[in-house]
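J.: First the structure, then my questions, so here it is.
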Amino acid sequence: GAWWIGRHPRTTLGLAWDGTWYTGIARNGYGQVHPGAGWAGLHFSDVAFFPLFPGLMRGVATVLPIGLINSGLLVAWASSAAAAWGLYAVGERLHGRRAGTLLVLLWGLLPHAIIETMSYTEPLMTALAAWSLYALLTGRWVWAGGLSLLAG
């Protein structure tokens, strides 16, 4: 799809919608305000976005010479893998391997699953929430609380 509209897939996945906000926060910190196009008197601010994802983007871009767009995608894709693993672990713990596998398949096939490939916080939040739940199920209370805090 991206090639047909003259855009690179990396740019489409990395800078679509909220990806632009996260990249801006990672690059410049907080403080951006943009007028809402077509919305009389409405302004949008970056304070609506939680800092963990852009912080990780900036950290990865600092360590690896891949730029902010690629670092956002790398964080999102690694988080998606961690989320799938966490969902599997919860399902397997509760009802066996088949349930774990079905949880991952259902999560990956939901209509909104395309967001898991974009530079968005959803994969990171899902990974943190899934592993927090797994920590609860295994009696690791401090880990569960810490992961839950990071997810929120």
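J.: With axes computed from alpha carbons, what is the tilt in degrees of helix 67-95 against the longest principal axis of the chain, rounded to the nearest 10 within 0 to 90?
T.: For helix 67-95, the angle is close to 20 degrees.
J.: Do me a favour and compute the ellipsoid semi-axes for the stretch 105-149 from its Cα gyration tensor, root of five times each eigenvalue, largest one first, whole Å. Walk me through the intermediate numbers first.
T.: Details: eigenvalues 117, 29, 5 Å².
Value: 24, 12, 5 Å, ordered largest first.
J.: Further question: Keeping the other protein chains in place, figure out the carbon and sulfur percent of the accessible area of the chain, with a 1.4 Å probe. Intermediate values should be presented prior to the final figure.
T.: Numbers: 6520 of 9300 Å².
The value for the chain is 70 percent carbon and sulfur by accessible area.
J.: Determine the dipole magnitude for the chain: charges of +1 sit on the beta-carbon of Lys and Arg, -1 on that of Asp and Glu, nothing else is charged, the reference point is the Cα centre, and the result goes in debye to the nearest 20. Write out the running numbers ahead of the final one.
T.: On the way: 8 positive and 5 negative charges, 57 e Å.
It comes to approximately 280 debye.
J.: Which angle from 0 to 90°, rounded to the nearest 10, does the C-alpha axis of helix 122-137 make with the longest principal axis of the chain?
T.: The angle comes out at about 20 degrees.
J.: Now a separate question. Note down the Stokes-Einstein diffusion coefficient of the stretch 10-152 in µm²/s, whole number, using a Kirkwood radius over alpha carbon pairs, 4 °C, and 1.567 mPa s.
T.: Taking Rh from Cα pairs, D becomes 80 µm²/s.
J.: Can you give the net charge of the other residues whose Cβ lies under 13 Å from the Cβ of Gly91, counting K and R as +1 and D and E as -1? Write out the running numbers ahead of the final one.
T.: On the way: positive: Arg93, Arg97, Arg98; negative: Glu92.
Taking every other residue near Gly91 into account, the sum is +2.
J.: Now, a different point. Report, in degrees rounded to the nearest 10, the 0 to 90 angle that the Cα long axis of helix 18-28 makes with the longest principal axis of the chain.
T.: 70 degrees
J.: Skip the ligands, DNA and RNA, and give the accessible area per residue of the chain with a 1.4 Å probe, whole Å².
T.: Numbers: 9300 Å² over 152 residues.
Per residue, the chain has 61 Å² of solvent-accessible surface.
The values are calculated or read from the model by the stated rules, or taken from the named source; none is laboratory data. As the structure is a prediction and not an experimental result, all values here were calculated from the model. Counting neighbours? That spans all protein chains shown, and the Cβs are built from the backbone with ideal geometry, glycine included. To get the accessible areas, we keep the full protein, side chains included, count just its heavy atoms, and leave off ligands, DNA and RNA. Shrake-Rupley method; radii C 1.70, N 1.55, O 1.52, S 1.80 Å.
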